[in-house]
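Asks: The structure is given below, and queries will be raised subsequently.
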Amino acid sequence: MPVFDFSGVPASEGGSVCTWTVFRSDKRSASPEDPILILDNRAEKWRHHSDGMFTSPSKRTSFAFAAQGDEPAREADVLRIDARFTSLIQWLGENRISVRLSGQNRPDGYAVYKIRETAFGGQAKLSAEDGFLQFMIERLLASDPPSQDLPDEDIDETGDGMKLTSLQSITDFMKCAGRTLPDNIGLWARRNLAVARSHEVSPEERRHAQRALSIMMNIQWKNNYFESIDPVEARRILDEELYGMETVKQRIIETIIQINRTHTLPAYGLLLIGPAGTGKSQIAYAVARILRLPWTTLDMSSINDPEQLTGSSRIYANAKPGIIMEAFSMAGESNLVFIINELDKAAAGKGNGNPADVLLTLLDNLGFTDNYIECMIPTGGVYPIATANDRDQISAPLMSRFAVIEIPDYSEEEKKIIFSEYALPRVLRRMGMQREECAVTPEGLDTLAALYAGTSGIRDLEQAAEHMAANALYQIEVDGKKNVIFDGEAVRRLLG
């Protein structure tokens, strides 16, 4: 592999003296076995924790160890470096940032797996934001390696321990990690950074540009590649969360197998249609848990203006992003599950258009543009799951974006099983009670089913379980009972 200097010019052609070669890694954490970089330790074995700073790339690519007592300062060449970190190491060297390395001596060199900033007092800092270096390293570790045609520069992604808010930290982020951003967002960020730093625009324009930058830079822009998901574990989660619903579970497992084959999300989301209280939202949360993605909810019954979804233009003083953009910001990443509740209640707005039409751009996975951000947001990692009670109220264009699953209501026998095996045990666990402290006889279950025979779904049953457990706990704590058993009469007296 050829050796490059920090500017990407081969050392044999001139430029700064570079001592290392790059290696490409997709490891999401660093360790002595999978380090960030390797220093030369042939002349001396270095300490586990070592203070110092990287040298300016215009001189040589090495690490200058701080003097220890009477010992003089020493340097060690950088031999190998993870390609994702080259720009960050360059930035550390150019700005003479004091850092502490954590590493381990190996036969091939001193393997550095942790870098922490130690600047304090009047020393130089990498950024105006505390914790910026760790933020950057987390982003780098979560990123993919640079493409093969880039000699040595970095890519980065991830980190959620802090937020970039100041212009200085955003500027540093762009210099150290600009290549982690999708091309269109990188271009957008440079333009907005110029506006935020310009004195030729109004203070309001600068404020909006800085706010938009802070939102976008704190989102981890992931690619659309999905790791394989264990179908057995997925089935365990579904069985834990849902009773019966074999058709629903089968459809979800099919989706998991499809993801494992293609390593991308399906082209269509899920639309769960059924009576209120049948567990549609619970299914959606279970799918988000299986996909290991953050989730957000859009309640369409409370949205009557498309601008609530798309945001308002920056020409207004009180402009702000829309709900969809805020969902990306809250999640902190671009891959997430959108749970769209009550899709059938996405009625026409108040003269400003139909909010339901805004969803089409989100559901097509071709990108979404927020009026405040003014940039196309990639949506290839968004998986929509919608719920509805009445399919006749959903427009054909929206319906065509989903794989539809009908959720039937439960029979009386199913309700009794759900209450005794799922709803009541779940409440007892939350209250810290043992199952024998609150029990229901078969007659009590028959009475319970009869009381709620005219209701759809299981929401009333869950509320009954809450009431019954609380009553049992009261009798145990106040009346001194060891356990409470609800027969038919007791159930009727408590809930009838």
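Asks: Going by the structure shown, is Arg430 more than 24 Å from Tyr474 (Cα to Cα) and not β-branched (Val, Ile, Thr)?
Replies: no
Asks: Within region 133-176, how many residues turn out to be modelled with pLDDT of 50 or more and assigned by TED's automatic domain parsing to the domain that holds Ser87?
Replies: 15
Asks: Kindly indicate the residue of region 54-69 that is modelled with pLDDT of 70 or more and in contact with a strand residue (DSSP E or B) (Cβ under 8 Å, 6 or more places away or on another chain) and also nearest to Val112 (Cα to Cα) among those meeting that condition.
Replies: So, considering only residues that are modelled with pLDDT of 70 or more and in contact with a strand residue (DSSP E or B) (Cβ under 8 Å, 6 or more places away or on another chain), the one nearest to Val112 (Cα to Cα) is Phe63.
Asks: Tally the residues that are at pLDDT 70 or above and either surrounded by 14 or more Cβ atoms within 10 Å (Cβ to Cβ) or under 19 Å from Ser143 (Cβ atoms) (or both), restricting the search to region 1-42.
Replies: So the count comes out to 21.
Asks: Quick one: which helices (runs of 4 or more DSSP H) lie wholly within region 308-427 and hold at least 2 residues that are among the basic types (Lys, Arg) and crowded, with 17+ Cβ neighbours inside 10 Å?
Replies: The helices (runs of 4 or more DSSP H) meeting that bar are 412-418.
Asks: What are the residues in region 83-102 that are out of contact with any helix residue (DSSP H, G or I) (no Cβ under 7 Å at 6 or more places or on another chain), more than 16 Å from Ser25 (Cβ to Cβ) and of a type outside the set (Val, Ile, Thr), if any?
Replies: Gln90, Leu92, Gly93, Glu94, Asn95, Arg96, Ser98, Arg100, Leu101, Ser102
Asks: Filter region 177-202 down to residues that are under 19 Å from Met136 (Cα atoms) and aliphatic (A, V, I, L, M) and give me whichever is modelled with the lowest pLDDT.
Replies: Top of the filtered list is Ala177.
Asks: What single numbered condition from (1) on the phi > 0 side of the Ramachandran plot; (2) surrounded by fewer than 19 Cβ atoms within 10 Å (Cβ to Cβ) fails to hold for Ile229?
Replies: (1)
Asks: I need every pair where a residue in region 224-250 that is closer than 23 Å to Gly381 by Cα and hydroxyl-bearing (Ser, Thr, Tyr) has its Cβ under 6 Å from the Cβ of a residue that is in a helix (DSSP H, G or I) and at pLDDT 90 or above, sequence separation at least 6 or different chains.
Replies: If the second residue must be in a helix (DSSP H, G or I) and at pLDDT 90 or above, the pairs left are Ser228/Asn260.
Asks: Now, a different point. Can you name every residue in region 258-295 that is among the β-branched types (Val, Ile, Thr), modelled with pLDDT of 90 or more and either surrounded by 18 or more Cβ atoms within 10 Å (Cβ to Cβ) or under 20 Å from the mean Cα position of the chain (by Cα) (or both)?
Replies: Listed by number, the residues that qualify are Ile259, Thr264, Ile273, Val287, Ile290.
Asks: How many of the residues making up region 436-456 are surrounded by fewer than 13 Cβ atoms within 10 Å (Cβ to Cβ) and modelled with pLDDT of 90 or more?
Replies: So the count comes out to 2.
Asks: Evaluate region 242-263: report whether one residue or more is of a type outside the set (Lys, Arg), out of contact with any Cys (no Cβ under 7 Å at 6 or more places or on another chain) and closer than 28 Å to Met217 by Cα.
Replies: Yes.
Asks: Let me ask something additional. What's the number of the only condition in (1) more than 35 Å from the chain's Cα centre (by Cα); (2) assigned by TED's automatic domain parsing to the domain that holds Leu343; (3) hydroxyl-bearing (Ser, Thr, Tyr) that Ser400 fails to meet?
Replies: Among (1) more than 35 Å from the chain's Cα centre (by Cα); (2) assigned by TED's automatic domain parsing to the domain that holds Leu343; (3) hydroxyl-bearing (Ser, Thr, Tyr), the lone unmet condition for Ser400 is (1).
Asks: Just checking, which of Arg80, Arg74 is closer than 22 Å to Ser31 by Cβ, touching a strand residue (DSSP E or B) at 6+ places or on another chain (Cβ under 9 Å) and at pLDDT 80 or above?
Replies: Arg80
Asks: In region 404-426, what residues are touching a residue at least 40 places away in the same chain (Cβ under 8 Å) and either in contact with an Asp or Glu (Cβ under 8 Å, 6 or more places away or on another chain) or within 30 Å of Asn184 (Cβ to Cβ) (or both)?
Replies: Residue satisfying the conditions is Ala423 alone.
Asks: Criterion first (farther than 22 Å from Leu336 by Cβ and touching a Phe, Trp or Tyr at 6+ places or on another chain (Cβ under 9 Å)) does Gly274 satisfy it?
Replies: no
Asks: For region 87-132, which positions are at pLDDT below 80, of a type in the set (Asp, Glu) and surrounded by 17 or more Cβ atoms within 10 Å (Cβ to Cβ)?
Replies: Glu129
Asks: What about Leu238, is it in a helix (DSSP H, G or I) and not assigned by TED's automatic domain parsing to the domain that holds Thr255?
Replies: no
The values are calculated or read from the model by the stated rules, or taken from the named source; none is laboratory data. What you see is a predicted model, and the numbers here were worked out from it, not measured in a lab. All Cβ positions, even for glycine, are placed from backbone atoms using ideal geometry, and neighbour counts span all protein chains on display.
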